[in-house]
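Down below is the structure, laid out as structure tokens.
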Amino acid sequence: MSAIKRRDTSKKRNTILDAAIECFIELGYERTSMDYIAERACASKRTVYNHFASKELLFNAVIARFIVANEEQKQIDYQPATSLAVQLRQFAQLKIAVSQDAKQLSFMRMAFGVLLTHPEIAERVMQNTDKSEDGLHHWLQAAVDDGKLAIRDITLAAEVFWSMFSSSFFWMALLQGPQEKERTEQLTQEFLETFLAKYQVV
């Protein structure tokens, strides 16, 4: 396949994914049909099925795209000359940004309802999530290797970090909307200081 053909195929696939997001948000999973997604994407039903054999696979692909996009942003290189707090704040800002993305939050609210009522879909989504790369894990290892952090369990430390920010930003945003700017800064500073108090070498 030529490079131009691959780009065209990728562009059409992304157009279908964009249309699917809008349809799922607008109608919900059950009421959304492949016909409606094809219409919204200005594509034939056959084209949609050529890319995604079922609505479930298309739904999974949408979630996977969100996961991949978020994980790609987390690939932040460790900088020995930059303070740990400044670098960790970059990771925190990524979680905060998700909590302020109206379209992503609207889709995730709908998606969690689907995952609760369709355990088979939830299982496949979790399998894909488990395979995603966490850039914070690599960053923490680099900081440990540099003698700046003392961490025995990198995976656990990364989980602790993300749990703090997820609980106060992502999950709260799903239920109540984004935090106020002042509250966001207050919590961010407190979480960073708490994390570094536990792991930073002094």
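Within the stretch 43-91, work out how many residues are more than 22 Å from residue 160 (Cα to Cα) and acidic (Asp, Glu).
1
Can you spot a residue in the stretch 18-26 that is at pLDDT 90 or above and exposed (fewer than 14 other Cβ atoms within 10 Å of the Cβ)?
Checked the stretch 18-26: at least one residue is at pLDDT 90 or above and exposed (fewer than 14 other Cβ atoms within 10 Å of the Cβ).
Out of 105, 149, 156, which single residue is within 28 Å of residue 197 (Cβ to Cβ), touching a residue at least 40 places away in the same chain (Cβ under 8 Å) and hydrophobic (A, V, I, L, M, F, W, C)?
When all the criteria are applied, what remains is 149.
Out of the stretch 27-51, which residues are within 25 Å of residue 126 (Cα to Cα) and open to solvent by less than 10 Å² (accessible area, probe 1.4 Å)?
32, 37, 48
Take residues that are closer than 30 Å to residue 32 by Cβ and modelled with pLDDT under 85 and tell me which of the helices (runs of 4 or more DSSP H) falling wholly in the stretch 110-202 contain 3 or more.
119-130, 171-176
Any chance you could count how many residues in the stretch 43-100 are part of a loop (DSSP other than H, G, I, E, B) and in contact with a Ser or Thr (Cβ under 8 Å, 6 or more places away or on another chain)?
1
Which members of the stretch 69-100 meet the condition of being under 20 Å from residue 158 (Cα atoms) and either assigned by the TED database to the domain that holds residue 27 or of a type in the set (Gly, Ala, Ser) (or both)?
69, 83, 85, 92, 97, 99
Could you give me the residue pairs with C-beta distances under 7 Å whose first residue belongs to the stretch 174-202 and is polar (S, T, N, Q), whose second residue is in a loop (DSSP other than H, G, I, E, B) and at pLDDT 95 or above wherever it lies, and which are 6+ apart or on separate chains?
200/148
The values are calculated or read from the model by the stated rules, or taken from the named source; none is laboratory data. This is a predicted model, so every value here is computed, not measured. Every residue, glycine among them, receives a Cβ derived from its backbone with ideal geometry; neighbour counts consider all protein chains shown. Just so you know, the surface numbers come from the protein's heavy atoms only, side chains and all, with ligands and any DNA or RNA stripped out. Shrake-Rupley method; radii C 1.70, N 1.55, O 1.52, S 1.80 Å.
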